[in-house]
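Here the structure comes first, spelled out in structure tokens, and everything after it is commentary.
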């Protein structure tokens, strides 16, 4: 065939069901034939539809249990995305398969990260395999309070996490006074009526009454900082977007919770979805954004379903869409599901993922408040941060600041897992010590060896650090981090060098591959740690680890590479690796 | 339109234009690196509309593709003009200041209503309206065209119709706005600039202008013929009439490349004396009495070429040609001397400096400057002049730089000379493929992985009604001849339209079919519109 | 503070004060001030990909090092391009690459490896970027064991120049590869063989077949090579070509990246259409008057 070079697609055809799910998804295709002699097309129209790539990939995966060449070709042609790019995007994600599975049965993703390994993931995997099930060894699934965690992909799209699969509940404990988790512990049903009965939508009414400028003032006065790990002042972020004069701006909730040991956002979204919707609506009307996106982890199926139901209900009740609560404000919400990529929790990777590109982080600056989603000014916050907004508006700044410390006001959600009596989600006032926090969870199990604070990208502490108040300022002073609020407890029964090697494997697997320090550095770090866990430490290996850590920390593009050596280096400082010979 | 023939704009302007109108050009395949500049413009937010009978690789980048009937360009252009005037989007101030003949033009295009144009061109009225508005409302707009405009029996009128649109809106003579004919062949621009036109001396000076001739005579040391010569098509006519009996062909392969080629071959064979100067033993050279081996211009010779943005650039020898092959200018120079003319220049640079002394628009272009500045765009009248990125800036000057105002032209739709008939019901048009070039003598030298020979592309509907299947070998005939070709069925091809490239005359002697009706104003044949019929061979033969 | 493009801003570089055009990157500023910063994934005709991190420098106020290729100078920026910290980071970037890739045909990287003292032998059985050389046609080859994933080829094939998008980064992390869809062989992909990917490749992972054949035949000799600037003979655009020859035979055609017509990019004809000039083409070599 003579070449028509532009966007050459292959001749492979999709199956009828693949064709139909894609046709349903793409209602306004980039190429519009207005007749035989007039066709609208071009690059700009293609750009507008590109964000449908990720949902399209999910649709194909769900339909056939894998992404076939014919299906991908059809999706790419329909969206006018170059087929090689579509393939490049699809292969970025762990939840997509590109070879037809031998059996039609479900694919079990079982977490093999340290907490679940301590929770016998190995025997669970063996059991599944012995029954002939397909198993994929997965990174942390955000269900660390109930190891071994699993997530099941089922052809037809009826994927299940453990909330649905087992109905197992979770220990949720709030601080006094009850704050972020109040409704979760009190509400019986997850619906709008119940939500409003427990104080829902008071904050939005107040925001409408007071106006956006006052909302932003209150956030600034409250001292609220982002809970995603970077602790940036929320009020300043919102103000920066409010000041932008462009007509299109976005609010994004970063619910791609993937930091090992972290499950707080899942619990919020599963049990209090309206709270996120309300808080994002407040952000929208306060800063002039008419569209919000919630990017949620692909493995969080229960949370996704409940959130979808809540959005539908809120829209029906005039809480979303045009004319919110009888005002002239408009705000719409759209959900995007991740597909198994830790890096997509990095805010600029998340934007790329929504936009239909590979989830590689962007260079900063520009920051999201200048150029975020679709290149427009964007507020991006973690669900926990959004929930704090409701508290501040509903109860006032003074009340909010009455807990915590002047520099770290309010409460923090901590995810306790590992060797503690009662793993679960704990809300505690800033300033609580680690010892007190562990006590609330019934204390440690066995003799405490170490605690990993803040997830795989966090820092190890040991019994010498139990009295340090958990505030941003105190942990910073001790070269520690609160990170995502993960608190993973390891008793002396645990082989820490192998735990470290496993976390190093996590970063190796989850590095996006874009920059050299992280792409290769995470591999070398994992290789050296594996050697150490087998053959012990040596000065050479320590120096290598140090040099690798330096280049990853100093020269990586994003937070993933910059923190990929954090836990390892803190463990070395504490002398935890020296126990490898015993 | 306003004198010297050359594109008005620099390539880079299209990167900054707001609107791009691509008309009768598949630049994506025929001018790929120019299209990179177009793509930069589109990436930066420019809108592009494409007018072409086919939704070509280029047209796929357009926001709007208008699938025009072959040869109905004037009807479309005039309807666009009428719509611009009707919507009051014409640039009244510019028209009054810089043009003449607007009132007559307005009256003339009055009959080109959207409905009439839609009927004649096949393009929906809304699409034409959209194009008119987008072009007129843009602050900067470029019109680009290639052989889809010029290779018609009324190609010059086609060009003038596009020029009218620029005059109507003031989209000319400013950075970002202009008219860009993309030259199909290397140094077509330079050839014309150097006087390789029957009525021009170098620098577009008229043969009939005695003062110009005298200037050349003084340097050449002989009198120049004051009568304009014949252009290519006229030469073949003169050969047919026995007026021309000897022919000197330099670097051209008419025995493959001319329309209605069997006729051409007969004429070449009937000549008393044929000299071919070439780098290959082409089909034409095979007919020659004398073959003069030449070196390859761009790889084995010193000299200059001139691009579609009027940029004069240096070529240099990278390799030595075969023993015995000589530079063209040495062969011609020796011939001149044998014929008794003085020819003092021994090097390409000496020849160039002679040209600089005779052609004011080249005077400032020394070899040294061309080298240092990566070429210069004419006019460049003195050695301090930076060259001219875009032409006709004078249109915007208070006193028009002393020039007469630019005239609107009145053009009328005629359609192709060769009408479709019951016997020949399908329109054949031709074009280039990305990896091949003209009759293929050069491009066949390398193994292109994306090359697949020549096929006749037809629509699904036509294929179905002729009961043809993909890849089937068919007989394709025009009133002049017939060839056998493979069929390539294209979903996107317009009904009633067939398309093919023309790069493999040894496989498919395509110019047996094409029409040699030509434009009296340019001498260009109507390659782009022949009528054909497609006939099934015995039970769906497939080419191995 | 709003700045117009023409304004000059003060900066400090390696302790020396200077002024640079506002909007200039640190790399541009440094070059302006006579300081060289090594680069790998940067190219003058592409938007910085920011991927290799070889050009990192210290910028006062920044917790991490910043990439000089894309970080724009601000008024009062205090920059250090030559500190020990910078040197260690560059050494490590080079060491990581050298432990992963075959850099034997990248003389510039080899020189940097020597300069910064990178020592890939420190790694015990490191995973490497193994791949078989892909020879799929007569125009160019792909040897991805040399590929440092600098994004240049993908960008040049994509919306930085060619808009063909035949290749993309595929996979993730250390498994990332430049790939066509489902690793389809290039001749069956969307590739149009402009060779612009080859033109920007910094490590010879992408290599013109004629050069590859010379090297494979052990006949590669830079001493016998020339480069000549001329203009392409196909179509009327006038692309500048640099013709590279060895022993009077062309083996490669490139275009200068700072040229206003090409920006360094060519099409298949300009890039590969030179073969007819030389054998096996039979060219007439003496006047023929036989007929």
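The values are calculated or read from the model by the stated rules, or taken from the named source; none is laboratory data. None of the values given here were measured: they were computed from a predicted structure. When we count neighbours, we look across all protein chains shown, and the Cβ atoms used for this are built from the backbone with ideal geometry, even at glycine.
Which members of segment C:164-186 meet the condition of being more than 7 Å from chain A (Cβ to nearest Cβ) and over 18 Å from the mean Cα position of the chain (by Cα)?
C:175, C:183, C:184, C:185, C:186
Of all the residues that make up segment B:430-446, how many are touching a strand residue (DSSP E or B) at 6+ places or on another chain (Cβ under 8 Å) and within 14 Å of residue B:281 (Cα to Cα)?
Count: 0.
Return the residue satisfying two criteria in turn: it lies in segment B:56-76 and is part of a helix (DSSP H, G or I), under 28 Å from residue C:261 (Cβ atoms) and touching a strand residue (DSSP E or B) at 6+ places or on another chain (Cβ under 7 Å), and of such residues it is nearest to the other protein chains (Cβ to nearest Cβ).
So, considering only residues that are part of a helix (DSSP H, G or I), under 28 Å from residue C:261 (Cβ atoms) and touching a strand residue (DSSP E or B) at 6+ places or on another chain (Cβ under 7 Å), the one nearest to the other protein chains (Cβ to nearest Cβ) is B:61.
What's the number of the only condition in (1) crowded, with 19+ Cβ neighbours inside 10 Å; (2) assigned by TED's automatic domain parsing to the domain that holds residue A:259; (3) in contact (Cβ under 8 Å) with a residue 40 or more places away in the chain that residue A:235 fails to meet?
(3)
Applying the selection to segment C:28-46, what residues are out of contact with any helix residue (DSSP H, G or I) (no Cβ under 6 Å at 6 or more places or on another chain) and part of a loop (DSSP other than H, G, I, E, B)?
C:33, C:34, C:35, C:36, C:39, C:40, C:41, C:42, C:44, C:45, listed by residue number.
Could you check segment B:275-357 for strands (runs of 3 or more DSSP E) lying wholly inside it with 3 or more residues that are facing chain C (nearest Cβ under 7 Å) and buried (at least 17 other Cβ atoms within 10 Å of the Cβ)?
In segment B:275-357, the matching strands (runs of 3 or more DSSP E) lie at B:290-293, B:311-315.
Let me spell it out: the conditions are (1) over 23 Å from the mean Cα position of the chain (by Cα); (2) away from every other protein chain (no Cβ under 14 Å); (3) under 22 Å from residue B:71 (Cβ atoms), and residue B:398 meets all of them except one. Which number is the exception?
With respect to (1) over 23 Å from the mean Cα position of the chain (by Cα); (2) away from every other protein chain (no Cβ under 14 Å); (3) under 22 Å from residue B:71 (Cβ atoms), residue B:398 is out only on (3).
Tally time: how many residues in segment C:187-230 are under 30 Å from residue A:99 (Cα atoms) and either more than 9 Å from every other protein chain (Cβ to nearest Cβ) or crowded, with 20+ Cβ neighbours inside 10 Å (or both)?
Total satisfying the criteria: 8.
Inside segment B:2-38, can you point out the residues that are more than 30 Å from residue B:402 (Cβ to Cβ), more than 17 Å from the chain's Cα centre (by Cα) and more than 11 Å from chain C (Cβ to nearest Cβ)?
Selection gives B:18, B:19, B:20.
Could you check segment B:123-135 and list, in sequence order, the residues that are in contact (Cβ under 8 Å) with a residue 24 or more places away in the chain and touching a strand residue (DSSP E or B) at 6+ places or on another chain (Cβ under 9 Å)?
B:123, B:127, B:128, B:130, B:131, B:134, B:135
For segment C:171-181, which positions are surrounded by fewer than 24 Cβ atoms within 10 Å (Cβ to Cβ) and either part of a helix (DSSP H, G or I) or free of Cβ contacts under 8 Å to residues at least 12 places away in the same chain (or both)?
Answer for segment C:171-181, where residues must be surrounded by fewer than 24 Cβ atoms within 10 Å (Cβ to Cβ) and either part of a helix (DSSP H, G or I) or free of Cβ contacts under 8 Å to residues at least 12 places away in the same chain (or both): C:171, C:173, C:174, C:175.
Any residue that is buried (at least 24 other Cβ atoms within 10 Å of the Cβ), in a helix (DSSP H, G or I) and either in contact with a strand residue (DSSP E or B) (Cβ under 8 Å, 6 or more places away or on another chain) or not assigned by TED's automatic domain parsing to the domain that holds residue A:187 (or both) - is there at least one of those in segment A:238-247?
yes
I'm told residue C:153 meets every condition in (1) under 17 Å from the mean Cα position of the chain (by Cα); (2) within 11 Å of another protein chain (Cβ to nearest Cβ); (3) under 30 Å from residue A:68 (Cα atoms) except one. Can you identify the failing condition by its number?
Only one criterion is unmet by residue C:153, namely (2).
Just for helices (runs of 4 or more DSSP H) wholly inside segment A:468-540: which have at least 3 residues that are crowded, with 23+ Cβ neighbours inside 10 Å, touching a residue at least 12 places away in the same chain (Cβ under 8 Å) and touching a helix residue (DSSP H, G or I) at 6+ places or on another chain (Cβ under 6 Å)?
In segment A:468-540, A:496-510, A:516-535 are the helices (runs of 4 or more DSSP H) which contain 3 or more residues that are crowded, with 23+ Cβ neighbours inside 10 Å, touching a residue at least 12 places away in the same chain (Cβ under 8 Å) and touching a helix residue (DSSP H, G or I) at 6+ places or on another chain (Cβ under 6 Å).
Given the criteria closer than 18 Å to residue B:301 by Cβ, out of contact with any helix residue (DSSP H, G or I) (no Cβ under 9 Å at 6 or more places or on another chain) and at the interface with chain B (Cβ under 7 Å from one of its Cβ atoms), does residue C:285 qualify?
Spelling it out, residue C:285 is indeed closer than 18 Å to residue B:301 by Cβ, out of contact with any helix residue (DSSP H, G or I) (no Cβ under 9 Å at 6 or more places or on another chain) and at the interface with chain B (Cβ under 7 Å from one of its Cβ atoms).
With the requirement that a residue be under 11 Å from residue A:294 (Cα atoms) and surrounded by 21 or more Cβ atoms within 10 Å (Cβ to Cβ), what does segment A:322-336 give you?
Hits for segment A:322-336 are A:333, A:336.
Regarding segment A:545-556, can at least one residue be identified that is part of a helix (DSSP H, G or I), surrounded by fewer than 18 Cβ atoms within 10 Å (Cβ to Cβ) and either touching a residue at least 60 places away in the same chain (Cβ under 8 Å) or within 12 Å of chain C (Cβ to nearest Cβ) (or both)?
yes
Could you tell me which numbered condition residue C:124 fails, if it satisfies all but one of (1) more than 16 Å from residue C:177 (Cβ to Cβ); (2) in a helix (DSSP H, G or I)?
Residue C:124 satisfies every listed condition except (2).
How many of the residues making up segment C:141-150 are in a strand (DSSP E or B) and within 15 Å of the chain's Cα centre (by Cα)?
The qualifying residues number 1.
I'd like the full set of residues that are more than 8 Å from chain A (Cβ to nearest Cβ), part of a loop (DSSP other than H, G, I, E, B) and in contact (Cβ under 8 Å) with a residue 60 or more places away in the chain, limited to segment B:39-55.
Of everything in segment B:39-55, those that are more than 8 Å from chain A (Cβ to nearest Cβ), part of a loop (DSSP other than H, G, I, E, B) and in contact (Cβ under 8 Å) with a residue 60 or more places away in the chain turn out to be B:52, B:53, B:54.
Taking strands (runs of 3 or more DSSP E) that do not extend beyond segment C:207-291, which have at least 3 residues that are farther than 22 Å from residue C:137 by Cα?
Once the strands (runs of 3 or more DSSP E) in segment C:207-291 are filtered for at least 3 residues that are farther than 22 Å from residue C:137 by Cα, what remains is C:225-231, C:240-246.
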